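Would you mind keeping the following structure in view while I ask a few things?
Derivation of every value follows stated rules applied to the coordinates shown; laboratory data play no part. These numbers come from a predicted model, not from an experiment. Positions of Cβ are generated from backbone atoms using ideal geometry, with glycine treated the same way; all protein chains shown enter the neighbour counts.
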Amino acid sequence: MTDLNAFLEPGMIVRHPNEAEWGLGQVQSVIQSRITVNFREMGKVVIDGSRIALVPVFDEV
């Protein structure tokens, strides 16, 4: 099982590749392949990092 988000750290800003309407999200925690992200429009979501590759955002806040 590959962790598609091994580089993510708490505080990073990300987008969900399949849920654009959720807006930007801030990574809250990364525990193995479970990534908790607080999205602006969706709230707190736990993502399975072995199934979804979150997209890092470096130029927006």
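How big is the dipole moment of the stretch 13-56 about its Cα centre under a simple scheme where the beta carbon of each Lys and Arg is +1, that of each Asp and Glu is -1, and everything else is neutral? Debye, nearest 20, please. Working shown, then result.
Numbers: 5 positive and 4 negative charges, 27 e Å.
Magnitude of the dipole: close to 120 debye.
How much length would be gained if the chain were fully extended between L24 and F7, taking 0.36 nm per residue of separation minus their Cα-Cα distance, in nm to one decimal? Mind dumping the intermediate values first?
Numbers: separation 17, 0.36 × 17 = 6.12 nm, distance 1.75 nm.
Working it through step by step, the gained length comes to 4.4 nm.
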